[in-house]
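The values are calculated or read from the model by the stated rules, or taken from the named source; none is laboratory data. Computed from a prediction, not measured in an experiment: that's the story for all the values here. Every residue, glycine among them, receives a Cβ derived from its backbone with ideal geometry; neighbour counts consider all protein chains shown.
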Amino acid sequence: MIDPFFAHRLLAWWDEHGRKDLPWQQERSPYRVWVAEVMLQQTQVAVVARYFERFMARFPNIHALASASLDDVLHLWSGLGYYGRAHNLHRAAAAVVRNYDGVLPNDQRVLMELPGIGRSTAAAIVAQAYGERAAILDANAKRVLARQHRVGGAPAVKALWELAESHTPADRVADYTQAIMDLGATVCVRRAPRCAVCPVAASCQARAAGDAERFPEAAARRQRRLERRRFFVVTDQTGACLLERRPAQGIWGGLWSPPERDDDCSVEAFLAAAGISERDVREVHNAPTLRHGFTHYDLDVLPIYVQIAKRPAEVRETGAAWIDPASHRLGVSAVAAKLLKATQTELFKA
């Protein structure tokens, strides 16, 4: 049974306790809402807030984003993770400029045709930026509704979308969508939900049953695998470092990184393939292993630092370049950033 006062209670709570000072809520526009919604996918608000401000300073409108190079976009995205989002954002901006004169459509179905915009993101743009009725179902809203109606099992997503549609009011839809996200983020949290201060606790079926933390039911966890890869961090006599652009598909797609090879690749084999003479090598040392976690597996990064007296006349590897680790404007992963930072230490330069 649906509480007819659910939206009313939620809005009353949000008027008093909701978040109203987030960067994308200021000078609200379809473009700012869209960028924020994409950044917020699988990323915490506190992290997004820092990136959002820098991103807007560099790309204040959709035309600026569309005309920028992918490297420039990925540089400002570096460390935010899930880099496919940045690729899609860049591609979608170009499509909006090309097909819609730089104005994001206010039609949910049309928005969903753009790269990287799914049903909930499209609804958030329509509701938050245009004030039109559209139901969202991000992770926070899903948790609130799953507990409110004690919905679990295989049909959960379909049922939750129907409930999201039923609960979304015709008026104050922008505030409502923010309210349900805020409730999930600050009160109806994943662990130890604060039911005592929840404005819709009285109608929450999971709370009544005493099993709120069970919902939404998690999918069966896969066994995590472990991979090991060698990363060759090569610096020349000027301190420049050899980087490769990673393939567009796969982890860290399109980012720049020290060359990555199989964990049994020898230094000699790497140098030969890169066209670097062993006579030019000044020092080689192995650094401690770094373990980096992805969604379904862990990666052991085995860094090998190679200092050479002079760089070869040409770069043999396709998509490789020598860059200044201290002043580059390229997109690099958090792991690559750590490897490059080590080349700036006095210990390394000694």
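Within region 229-250, can you find the residues that are under 23 Å from the mean Cα position of the chain (by Cα), of a type in the set (D, E, K, R) and not in a strand (DSSP E or B)?
Matches in region 229-250: R246 only.
Looking only at region 215-228, filter to residues that are part of a loop (DSSP other than H, G, I, E, B) and touching a residue at least 24 places away in the same chain (Cβ under 8 Å); which one of those is farthest from V189 (Cα to Cα)?
Filtering region 215-228 for residues that are part of a loop (DSSP other than H, G, I, E, B) and touching a residue at least 24 places away in the same chain (Cβ under 8 Å), the one farthest from V189 (Cα to Cα) comes out as R224.
Considering region 278-329 alone, what residues qualify as being of a type in the set (D, E, K, R) and in a loop (DSSP other than H, G, I, E, B)?
K310, R311, E314, R316, E317, D324, R329
Sort out which residues of region 114-132 are over 16 Å from the mean Cα position of the chain (by Cα), part of a loop (DSSP other than H, G, I, E, B) and among the small types (G, A, S), and write them in order of number.
Within region 114-132, just G131 meets the criteria.
If you go through region 78-86 one residue at a time, do you hit one that is at negative phi, outside any helix (DSSP H, G or I), under 10 Å from the mean Cα position of the chain (by Cα) and not aliphatic (A, V, I, L, M)?
yes
Go through (1) polar (S, T, N, Q); (2) surrounded by fewer than 24 Cβ atoms within 10 Å (Cβ to Cβ); (3) over 19 Å from E27 (Cα atoms) one by one and return the number of the condition Q178 breaks.
Every listed condition holds for Q178 apart from (3).
Here's the yes/no breakdown for (1) in a loop (DSSP other than H, G, I, E, B); (2) in the same structural domain as Q148 (by TED's automatic domain parsing); (3) of a type in the set (G, A, S); (4) in contact with a strand residue (DSSP E or B) (Cβ under 7 Å, 6 or more places away or on another chain):
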| position | (1), (2), (3), (4) |
| --- | --- |
| V48 | no, yes, no, no |
| P60 | yes, yes, no, no |
| A64 | no, yes, yes, no |
| D71 | no, yes, no, no |
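How about region 295-317: which of its residues are in contact with a Leu (Cβ under 9 Å, 6 or more places away or on another chain), surrounded by fewer than 18 Cβ atoms within 10 Å (Cβ to Cβ) and within 20 Å of Q237 (Cβ to Cβ)?
Passing the criteria: V315, E317.
Here is a yes/no grid of residues against (1) among the aromatic types (F, W, Y); (2) more than 16 Å from L11 (Cα to Cα); (3) in contact with a Pro (Cβ under 9 Å, 6 or more places away or on another chain):
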position	(1), (2), (3)
K158	no, yes, no
H167	no, no, no
A170	no, no, no
V173	no, no, no
L183	no, no, yes
V189	no, yes, no
C198	no, no, no
G210	no, yes, no
F215	yes, yes, no
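Need pairs with beta-carbon distance below 7 Å; first residue among the hydroxyl-bearing types (S, T, Y) and within region 134-154, second surrounded by 24 or more Cβ atoms within 10 Å (Cβ to Cβ) and not in a loop (DSSP other than H, G, I, E, B); sequence gap 6+ or separate chains.
none
Determine whether R225 is of a type in the set (K, R) and within 30 Å of D262 (Cβ to Cβ).
yes
Residues that are among the charged types (D, E, K, R) and at pLDDT below 90: does region 294-312 have at least one?
Within region 294-312, one or more residues are among the charged types (D, E, K, R) and at pLDDT below 90.
Going by the conditions given, is A269 at pLDDT 90 or above and in a helix (DSSP H, G or I)?
For A269, the condition - at pLDDT 90 or above and in a helix (DSSP H, G or I) - is met.
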